[in-house]
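Following: one structure in structure tokens, then a few remarks.
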Amino acid sequence: MSHKRTEISILLESESERENVLIQGWVRTRRDSKDFFFLELNDGSCLKNLQIVVTREISEFETLKTIRTGSSVSVVGNLVASQGKGQKWEAMAKEVALLGDSPENYPLQKKRHSLEFMREISHLRPRANMFGAVFRIRSRLSFAIHRYFQKNGFFYVNTPVITASDCEGAGDLFKVTTIDMHEPPRSEDGLIDFAHDFFSQKTYLTVSGQLEGEAFATSLGKIYTFGPTFRAENSNTSRHASEFWMVEPEIAFCDLQQDMDCAESFVKWVTREVLDTCQSDLELFFNFVDKGLEERLRFVVERPFHRVSYTEAIDILHASGKKWEYPAEWGANLQSEHERYLTEEHFKSPVTVYDYPKEIKPFYMRTNDDEKTVAAMDVLVPGIGEIVGGSQREERLDVLLENMKHHCISEEDYSWYVDLRRFGSVPHAGFGLGFERLLMFITGMGNIRDVIPFARTPGSI
Ligand code: 4AD
Ligand code: MG
């Protein structure tokens, strides 16, 4: 008897019959005949199950005959060509052991469950076909992201999760503190005295690794971060999570054009990589989640993205003759309805919008010559809207200081960031890609809660 289990993914790809393999997994279904029964076994290594044939010759056949959906079993058997239709291989069991029984109240009985119900059992849902596929693709996509940057000369930097700065300046920060909320230390004016807090000042969970990323780009040249970020924005939408993963490349000696080129090539490359490495899992989404998905992904990989300035985008929105819930006026943020119109209806393709009004953007973006816009860009894709947000950074010391003053950002608090402009400043640019949004785009899943192992959203943890 072999002692190490062989994954079902490997067995199903086998070139020849195999003797005495150890197979371990969870029972999806059992089908009974008079002198034998079939177990559909899944071990998570792939979407497909392996059919196990258990005959009367097996000891304890009568007890095993009652094995229930969800139980875990260990099987030693021979991999043989299947007599039945629908599968090439099956396993003839020689020994079967029940590891863990699963009573009738196991929630994942064989029937269709709503996605809402599945969210309530996020600890069990990865055992369901669709979620197994989502999370296997999630893993492959992570790896593809690292591969893209590593093969293109970027270094992976781990920026801090706890930080004292607010990169986006939007105030969506989770506070990090060890102060006793019932008896906080107070200064003379009666306010809470954060000098007595753990880090001797106010600290937060990071909303972006960009600022620290800039320090490393302006020393290692090309870097990327890939880690969790946190936003306390009270947006209960299908695209916002309070904890999500962001990929943030930062490139020295780079302008907005090159930044947009990088974002486009990156999204294309990782999408193609998933198309190439996750075929069988993707088919579930092509067939059961979104009929137009395969075509859309191929389109994204093969065709150039459109590019329009923010000003042109506003003109397009005006010319559409549509009634918007939020007006599309120059100077206002593009709302989700505007973004989706541009990418889904007008261009029918991914589109990169650039040169946004200065007033609606954070302090670090580079001011354009018109003084009204900044060198910012967003990549919008059908079905989601924004998946990438980036910019060229302000590298001119005087302009940066001016912008900081305008945004009421203390030079003292950000002196380390300003130093990057004091000592050997260079043009540089980068972007942030929402990892879950890309995963939604690739799988066609409509809700960010369904592509995160354990989602955190307002009011729900
Ligand atoms: O556009 P954002 O806010 O950009 C930044 O944070 C920059 N500092 C990035 C940079 O230039 N290095 O966020 C970047 C991306 C968005 O385009 C979106 O895909 C995703 O992060 N994102 C979210 N994803 C899920 N839930 C949320 N609440 C998100 N907020 C942003
Ligand atoms: Mg953005």
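The values are calculated or read from the model by the stated rules, or taken from the named source; none is laboratory data. Everything numeric in this text was worked out from a predicted model, so none of it was measured. Cβ: placed from backbone, ideal geometry, glycine included. Neighbour counts: every protein chain shown. Accessible surface is based on the protein model in full, side chains and every heavy atom, while ligands, DNA and RNA are left aside. Shrake-Rupley method; radii C 1.70, N 1.55, O 1.52, S 1.80 Å.
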Here FRET efficiency (C-beta to C-beta, His318 to Asp261, R₀ 30 Å, nearest 0.05) is 0.55
Residue span Ser33 to Lys4: 0.36 nm per residue of separation minus Cα-Cα distance leaves a gain in nm of 7.4 nm
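What does the charge count around Val353 come to, taking other residues whose C-beta lies under 11 Å from its C-beta (Lys +1, Arg +1, Asp -1, Glu -1)?
Details: positive: Arg307; negative: Glu312, Glu339, Asp355, Asp378, Glu386.
Here the count lands on -4.
Could you put Lys372, Lys110, Lys202 in order of accessible surface area, largest first, with the 1.4 Å probe and the full protein assembly present? Don't skip to the end; give the middle numbers.
On the way: Lys372 125, Lys110 165, Lys202 95 Å².
The ordering from most to least exposed comes out as Lys110, Lys372, Lys202.
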Label model pair Tyr326, Asn20: point-to-point distance (7 angstrom along the Cα→beta-carbon line) in nm is 6.6
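Based on the alpha carbons, how large is the Rg to Rh ratio for the chain when Rh follows Kirkwood? Walk me through the intermediate numbers first.
Numbers: Rg = 26.8 Å, Rh = 25.3 Å.
Dividing the radius of gyration by the Kirkwood radius yields 1.06.
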Note to self, the chain gives a 222 nm [θ] from helices alone (DSSP H runs n ≥ 4, -39500 (n - 2.57) apiece, / all residues, nearest 500) of -8500 deg cm²/dmol
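Could you order the peptides 379-386, 423-430 from most to least packed, using the average number of other C-beta atoms within 10 Å per residue? Intermediate values should be presented prior to the final figure.
Values: 379-386: 22.4, 423-430: 18.4.
The packing order, highest mean first, is 379-386, 423-430.
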From highest to lowest solvent-accessible area (probe 1.4 Å; ligands, DNA and RNA excluded), Trp269, Trp245 read Trp245, Trp269
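Going from most exposed to least, what order do Leu317, Leu397, Leu98 have by accessible area with a 1.4 Å probe?
Ranked list, largest accessible area first: Leu98, Leu397, Leu317.
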Using eta = 1.306 mPa s and T = 10 °C, Stokes-Einstein with Kirkwood Rh from Cα pairs puts D for the range 373-461, in µm² s⁻¹, at 100
Debye calc, one equal point scatterer per Cα of the range 1-133, no solvent, log10 I(q)/I(0) at q = 0.09, 0.14 1/Å comes to -0.26, -0.62
For the range 213-316, the charge dipole (Cβ of Lys, Arg +1; Cβ of Asp, Glu -1; about the Cα centre) points to a positive end, and the Cα of Leu282, His306, Trp245 closest to that extreme belongs to Leu282
One finds the C-alpha centres of the range 70-89 and the range 383-406 to be spaced, in Å, by 57
Note: the range 174-249, point scatterers on Cα, Debye, no solvent; log10 I/I(0) at q = 0.24 Å⁻¹ equals -1.02
Note: probe point = Cα of Arg186 + 7 Å toward Cβ; backbone nitrogen < 19 Å; residues of the range 193-235 passing the test are 193-197
Per its Cα gyration tensor (rounded if a/c is under 1.5, else prolate when a/b beats b/c, else oblate), the range 67-144 is best filed as oblate
So for R0 = 22 Å, FRET eff. of Asn158-Trp416 from the Cβ-Cβ r, to 0.05, ends up at 0.80
Over the range 111-254, the quotient of the Cα radius of gyration and 2.2 N^0.38 Å is 1.36
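Within the chain, what whole-number % of the accessible surface is contributed by carbon and sulfur, with the 1.4 Å probe and all protein chains included in the calculation?
On the way: 11510 of 22930 Å².
Roughly 50 percent, rounded to a whole number.
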Of the convex hull drawn through the C-alpha atoms of the range 215-315, the volume per residue in Å³ is 184
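Using a probe radius of 1.4 Å on heavy atoms only, what accessible surface per residue do you get for the chain? Whole Å² is fine. Please list the in-between numbers first.
Details: 22930 Å² over 461 residues.
Ligands and nucleic acids excluded, the figure is 50 Å² per residue.
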Taking only the Cα positions of the range 142-184, the convex hull volume per residue in Å³ is 135
So for the range 260-350, using the alpha carbon gyration tensor with a ≥ b ≥ c as root eigenvalues (a/c under 1.5 gives rounded; past that, a/b versus b/c decides prolate or oblate), I'd call it prolate
Unit-weight point scatterers at every alpha-carbon of the range 342-404, Debye formula, q = 0.25, 0.29 1/Å: log10 I(q)/I(0) is -0.95, -1.13
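Given R₀ = 35 Å, what would the calculated FRET efficiency be for Phe454 paired with Ser74, taking r from the Cβ atoms and rounding to 0.05? Kindly include the intermediate steps, with their values, before the conclusion.
On the way: r = 28 Å, r/R0 = 0.81.
That gives a FRET efficiency of 0.80.
Pulled fully out, how much extra length does the chain show between Glu359 and Tyr106, if you take 0.36 nm times their separation in residues and subtract their Cα-Cα distance?
Details: separation 253, 0.36 × 253 = 91.08 nm, distance 5.42 nm.
Going from the current span to full extension adds 85.7 nm.
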